[in-house]
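Each remark here refers to the structure printed beneath this line.
Every read-out reported here was derived from the displayed coordinates using simple, explicitly stated rules and does not represent laboratory data. Since the model is a prediction, treat every value here as computed from it, not as a measurement. FYI the Cβ positions are ideal-geometry reconstructions off the backbone, even for glycines, and counts take in every protein chain you see.
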Amino acid sequence: MSRDAASQRQVDAANPRASTWLSANAGSGKTRVLTDRVARLLLNGVDPQRILCLTYTKAAASEMQNRLFHRLGEWAMLGDGPLGDALMKLGIPAAEIGVERLRAARRLFARAIETPGGLKIQTIHSFCASLLRRFPLEAGVTPQFSEIDDRAAELLREEVIETLADDPRHVAAVDGVAALWTGDSLRDLVAQICQHRAAFADPLDRPAAFTLFGLPETFTAADVLADVCLGNEGDLCRELIAALETGGTTDMSAAAKLRAARFDPMGLGTLAVLEGVFLTGAAAKEPFTAKIGSFPTKSTRARVPRMAMVEDLMKRVEAARARRLALVAAERAAALHRFAAAFLPEYDRRKGERGWLDFDDLITRARALLTDRAAAQWVLFRLDGGIDHILVDEAQDTSPGQWAVIERLAEEFAAGEGARVETPRTLFVVGDKKQSIYSFQGADLAVFEAMRQEFGQRLARIEMPLVELTLAHSFRSSAAVLGVVDATFAADGGKGLGGEVSHIAFKNDMPGRVDLWPLVPKAGDPEEDVWYEPVDLVTDQHHEARLARMIAREIRRLIDAGTLIPEGNGRTRPMTEGDVLILVRRRNTLFREIIRACKQAGLAIAGADRLKLAAEMAIRDLTALLSFLVTPEDDLSLAAALRSPLFGWGEGDLYRLAEPRGGAFLWEALRRERERHGPTLAVLDDLRDQSDFLRPYELAERILTRHGGRGRLLSRLGAEAEDGINAFLAQALAYEQAEVPSLQGFVGWLASGDVEVKRQVDAAGGRIRVMTVHGSKGLEAPVVIMPDTAKTRPQEREQIYLSNGTPLWRTAAAESPDLIASARGDLLERQEEERARLLYVAMTRAQSWLIVCGAGEQAKDLSSWHDRIAVGMARAAGASPGGGSLGGGSLGADHGLGRDEGLKLVPCPFPPGEGKRLSWGDWPADRPADHPGDGVLASTAPVPTALPDWTMHPAPQPQEEPGPISPSALGGAKALPGESGLEEEEAKLRGTRLHLLLEHLPHYPAKEWERLSHDLLALDDDPPPTGERLALLAEAQAVIRNPALGFLFAPETLAEVPVTAEIGGRRMLGTIDRLVITPDHVLAIDFKSNAVVPRSEAEVPEGILRQMGAYAAALRLIWPERRVETAVLWTRTGVLMPLGPARVAAALAEAVPATREADPCPP
């Protein structure tokens, strides 16, 4: 069958017998190539478990897996003809498609589904985690390790700092860093130390640091001063000061600086002052040189008695400056390394105690496992039979550590028996240098290029060359957008993008346009500040607020005007909010103002893509209410809760309660007005009654569900508050797993660190999406707006520079010796190149319409994104057919434009003023909307209508609904005859205590179980005696340590899970002791501490069967597509006893007859 050039290129890249290094432009269909390649590997008979596909994000892994299963599922249902066509489209020659091949293709779906562990399509971190769990002994980790989140890591780092500060062995290291640190806390510095932990593996002591900066090992401040001081500097400067004070403004300013300096004795601080007075500045033609002949002013110099000696001092100060800077930098580097040498081992030790690994640990441990001589061969032997084909997605963002893991996995592909010719093992790497924008996560293009060369050389040695291909076609963007993209980066030869940029538009018949709005000028400072407004308030006249309103109004106008969006092949459709993607560089003022303006314009908007939990209004309202429950005397928290949507009080209501109360607490005043505020007090009384008995999660759910808090918050704050509320509940669950749960502890835990929640807005469901360019990677939209293109000041967040792999502590730019200045220059150059790649990613998200705008200052050197795109638009128009050529070629030819067509650049009016529009093709004319253009609904005359008959009669009394079902209170015996030794209440208490231990102990190292059991059981009003506690601990330990039960306590299982569902027309409320959830199976386990244990399922008491039947019925409603099973774990014997679905369903039907109609055993 014939294919177009773009499709043929994809087929070539998906060849399963060739190792391929694929460079894929934005929108070129790399995910399809990955999916096609895996499908063709499976068609060739490769076992699914022998394929490893590594993606950059979980979302990408999920997307690829969904596409693959969709493809294989379609094949399973196709007839011979359509299936043969599908295989030929995939690249299979017609001669190779026979009856057996078609049968094999139809069986692939079942093979992939039934593969043990599933297809290995996962992130590199997920793969490393699975590798460590498979070989925990060899890796030196606990099999039940958990992956620490950013918040827990930050809290642990602060805990380590506090410990080091109290340790006499390390206090000097902490003090040394603290004395040099100018921030509020060491949090940022310590985070960067952890980020560069591999570089700190090689120690740098003080002598080595001095040698690195070209200083003798014993060099001191006295040596610097000895080069400057001859003994008369104080007198000289005092004479100079007297003369300067008679001069002009500049001289008097210098005199003030010198007068503040200390000369007897003179130190490095005074030397720095002399440099500021005697030497030129950083912006001078010859920076930091002595001002010989230019300082002081000519008239003042005549009054300086010993001017020649002053000028000699200037020269000595200039000569000593380099050594002073080197000394300061060397001391800072030594202090940094001394602190890191104390901090990092203690940090790792504490993580190990808790069984925690962070993302870097996963990579580091896996890399060490694969390179350790004692264990590597065994591990690789076990993996060697398991991996024949490695596929790497988004390779340009892979870090050096991750490349080391991949390199080790693929090492056997070209060595020994691993280099098979008859059944070749292949490597497939797809990436794009132009889209490498994650250097802050370790991505390094130099390593990317080095790995390409390394793999090419290895495969060449076994005569299986690495095929290098490029996908130049874009299936996403119109020719207009691609023309501007290419021309924008043509000016500097694609600097930072790896060379010339060239795209070919696949949809060359789709009209496109690029709009360039004029910049909204920067607003001046207000003439008069309003004293009562917040200091950080963004006024309506702020330039970014004005731009945000213009954008919102323009989107509103376009939608109301019925603007049509082209889709290619001549098809169009009306524009909606879901067509718009707004990209910014940072979540700054502009970001927030755009969201606010869109909401005010009545536009459907998805909200922010990242949420700071503590900054969310819904979370602040919930936290205020919880804080009041902890401390009823907290007037501020109670007032905030009352004013929130949870209670809906107005400011006047609160004032009338608070003003006349005198010195009483607000809570006391509220209770005195019970008749007036009955509903509010009913809620607060209920929550206060329960706060000592419910866990934080349960209490929060009570607020949100029983008392309607969720509905009130969403009604006031909008649907986007849902993500914050759910994240808040997730934090409550996380807290309960990590700590002994208490309300006061949870409130303090929330206040100790902020949590950032990533919202899934990539599929916003018909709403405008606003996000950073980094967050938009992999996304696309018909209309992309780039409002953050004005001049920006680069933010230098890095505290640590790497010089030839050695970490150095940053110094001020004007105070940097050559070594640090060179490292800073290299870093700034890399950042500038990454900003160019960020611009490329932003522009290539657009399908047919790119709108570029901005607010602020114009860059003088034309380096802003706005300027670069303006130049690119002019070049693109000038290079279109009939408009001349650019760089020896025609952009029209490159982008598939016809000979008589071209990119047209014309003036066009936009909200801020006249701008430019570059377009190609005939954009469809606007279609009038069905509603008014200004967004105001047209008024209609009311239609008189007779009242319905039911309004004339009293409403019937509502039937009293039956109460909820409790699975443990459905009747029936709970114990076998012969159970004795404890009264019923004592037996229940013993079971409750044992449940508490089984819930919490698995999350902690075994050596902490003794202490933790004491702490947990001490919370009882009447704690058990030591002997009983130790007996409970022994019983819990025997269960947890039982190898056959290990899967019940894996990190991904859930403990004490509240479950609710409607069963037999009644609401069921219960708590499942342990829940194991897999993609196709749900297992509910209940712990039973009976003294007499049934020998078989037939002896299980009726009451237990009814309880488990209720759980099973609820879980089938929640997961109708999964197999639901139940089991009882008898803690006395450690026996896990499965219960038949039919048996528990029959028992439930005895208690709740309405459940008989349901199928108890769905397939």
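Below, the figures for the structure above:
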| read-out | value |
| --- | --- |
| Dipole of the chain, positive direction: furthest Cα of A1006, N232, S1096, with charges on the beta-carbon | N232 |
| For the stretch 647-727: rounded, prolate or oblate by the Cα gyration tensor [a/c cutoff 1.5] | oblate |
| ³J(HN,Hα), Karplus 6.51/-1.76/1.60, whole Hz, each residue of the stretch 1097-1108, x for Gly, Pro | 4, 5, 9, 5, x, 4, x, 5, 4, 5, 4, 5 |
| Shape category assigned to the stretch 611-758 from the gyration tensor of Cα positions, a/c cut at 1.5 | prolate |
| Dipole axis of the chain (+1 Lys, Arg; -1 Asp, Glu on Cβ), positive-most option in L976, A823, L204 | A823 |
| Among A751, T623, T576 the positive-end extreme of the charge dipole of the chain (Cβ point charges) | T576 |
| Debye, to nearest 20: dipole size of the stretch 967-1157, +1 on Lys, Arg Cβ, -1 on Asp, Glu Cβ | 500 |
| Span from the the stretch 239-270 Cα centroid across to the the stretch 147-204 one, whole angstrom | 40 |
| Phi to ³J(HN,Hα) by Karplus 6.51 cos²θ - 1.76 cosθ + 1.60 over the stretch 655-664, Hz, x for Gly, Pro | 5, 5, 7, 7, 5, x, 6, x, x, 6 |
| Packing-based ranking, highest mean first, of 561-570, 1003-1012 given that Cβ atoms within 10 Å are counted | 561-570, 1003-1012 |
| Theoretical ellipticity at 222 nm over the chain - DSSP helices of four or more residues, -39500 (n - 2.57) apiece, nearest 500 | -14000 deg cm²/dmol |
| Residues S1096, S816 arranged by fewest to most Cβ contacts within 10 Å | S1096, S816 |
| Net charge of neighbours whose Cβ lies under 11 Å from the Cβ of L642, counting Lys and Arg as +1 and Asp and Glu as -1 | -3 |
| Of K315/K495; K120/K434; K433/K791; K58/K791; K495/K916; K120/K758, pairs whose Cα-Cα distance is over 30 Å | K315/K495; K58/K791 |
| Ranked I800, I462, criterion: other C-beta atoms within 10 Å, fewest first | I462, I800 |
| Net charge, R101 excluded, C-beta distance under 15 Å - Lys, Arg +1, Asp, Glu -1 | +2 |
| Acute angle (nearest 10 degrees) that the helix 171-180 long axis makes with the longest principal axis of the chain, alpha-carbon atoms | 50 |
| Assigned charges on the beta-carbon of Lys, Arg, Asp, Glu; the chain dipole about Cα centre (debye) | 2720 |
| For the stretch 448-490 and the stretch 705-720, distance of Cα centres in Å | 50 |
| Listed peptides 194-205, 614-625 by packing density, highest first (mean Cβ within 10 Å) | 614-625, 194-205 |
| Phi-based couplings in Hz for the stretch 181-198 (Karplus 6.51, -1.76, 1.60; Gly and Pro marked x) | 8, 10, x, 6, 8, 7, 4, 5, 4, 5, 4, 6, 4, 5, 5, 9, 4, 5 |
| Interchain or long-range residues, amide H under 5 Å from T470's placed H | S23 |
| The chain: C-alpha gyration tensor shape, a/c 1.5 cut-off, then a/b vs b/c | rounded |
| Potential lengthening between D150 and R793 on full extension [0.36 nm per residue; Cα-Cα distance subtracted] | 228.7 nm |
| Calculated FRET value between N726 and A165, using beta carbons and R₀ = 30 Å, to 0.05 | 0.20 |
| Additional length obtainable on full extension of the chain from S299 to T1053, 0.36 nm per residue less Cα span | 263.1 nm |
| Under 9 Å, Cβ to Cβ, from A614 - net charge with Lys/Arg +1 and Asp/Glu -1 | 0 |
| Built amide H within the under 5 Å cut-off of V584, gap 5+ | M771, T772, V773 |
| Nearest 10 degrees, 0 to 90: helix 818-843 Cα axis against the chain principal axis | 60 |
| DSSP-defined beta bridges in the chain - what % are antiparallel, rounded to 5 | 45 |
| Label-point separation in nm, R1095 to A1142, each point 7 Å along Cα→Cβ | 2.4 |
| Added length on full extension, which subtracts the Cα-Cα distance from 0.36 nm per residue, E1121 to A76 | 374.2 nm |
| Degrees separating the helix 80-90 axis from the principal Cα axis of the chain, which is the longest one | 20 |
